[in-house]
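Structure record follows, encoded as structure tokens.
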Amino acid sequence: MISQIELKSLFDYVNGKLVAKTNSNKRKIGHTFCTVTKKGYLKGSVNGKQYREHRLIFLYHHGYMPLQVDHIDGNPANNLIENLRPATSAQNNQNRKATGASKIKGVVWHKQSKKWTASICVNRKSVHLGSFLFIEEAALVANKARQLAHGKFYRSQA
């Protein structure tokens with residue numbers, strides 16, 4: 001793994017990007033570090049090893065690389081240091097965007113009961129919050145519960 005000292009000798013940090021300070025066979029001075037992955041993350045290689053840029057930017061500023069680095073705003077291309085924080089896998093998942101038909105985290109349609117159900121995940125366990133006739137009720141309950149349980153890693157529906 002690359003060290004903070006080596007990283008700083010190869011790159012400058014400029015507005016959320018790593019910019020080459022030296023020429024290499026893959027990069028020229030002034031070129032940015034990376035290419036975009038299918039999921040929108042920025043990645044590149046240093047000394048033949050692939051890295052996601054946000055992880056290197058965290059290392060550049062803090063001197064260590066945590067197991068996971070979370071994008072506070074959920075945008076994988078926003079690598080401003082102010083938008084990056086260390087996280088556990090669970091915390092990183094808590095900050096994910098909503099998926100599924102309802103587009104609301106923790107809210108799904110239950111076909112048999114013909115109701116919206118709300119749930120959250122706490123300590124790797126699903127917690128059922130109730131069944132509701134209206135999606136708005138389920139969303140309100142799920143949102144409040146996530147806010148209490150997930151703290152600073154809570155993501156609103158926006």
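The values are calculated or read from the model by the stated rules, or taken from the named source; none is laboratory data. Just so you know, these numbers come straight off a predicted model, no measurement behind them. So basically every Cβ, Gly included, is an ideal-geometry build from the backbone, and we count neighbours across all protein chains shown. Side chains included, ligands, DNA and RNA excluded: accessible areas come from the protein's heavy atoms. Shrake-Rupley method; radii C 1.70, N 1.55, O 1.52, S 1.80 Å.
Observations
- Placing +1 on the Cβ of every Lys and Arg and -1 on the Cβ of every Asp and Glu, with no other charges, gives region 1-81 a dipole of roughly 360 debye about its Cα centre.
- As a ratio to 2.2 N^0.38 Å, the alpha-carbon radius of gyration computed for region 25-113 takes the value 1.38.
- Whole-percent carbon and sulfur share, accessible surface of region 1-83, 1.4 Å: 52 percent
- Candidate residues 129, 67: accessible-area rank, largest first, probe 1.4 Å: 67, 129
- In the complete set of protein chains, residue-level accessible area for residue 137 is approximately 90 Å², probe 1.4 angstrom.
- Helix-only [θ]222 nm of the chain, DSSP H runs n ≥ 4, -39500 (n - 2.57) each, per residue, nearest 500: -7000 deg cm²/dmol
- Column: log10 I(q)/I(0), Debye, Cα scatterers of region 1-73, q = 0.21, 0.25 Å⁻¹: -0.93, -1.33
- Rounded accessible area per residue of the chain, 1.4 Å, Å²: 63 Å²
- What you get for the chain, charging only the Cβ of Lys and Arg (+1) and of Asp and Glu (-1), is a dipole of about 480 debye around the Cα centre.
- In this structure, the pairs whose alpha-carbon distance is over 26 Å, taken from 43/125; 8/152; 17/39; 103/125; 17/103, are 43/125; 8/152; 17/103.
- The chymotrypsin sites (Phe, Trp or Tyr not before Pro) of region 121-158 that meet both conditions, a loop assignment by DSSP and at most 12 other Cβ atoms within 10 Å of the site Cβ, are 134.
- Using only the C-alpha atoms, the convex hull of the chain corresponds to 123 Å³ per residue.
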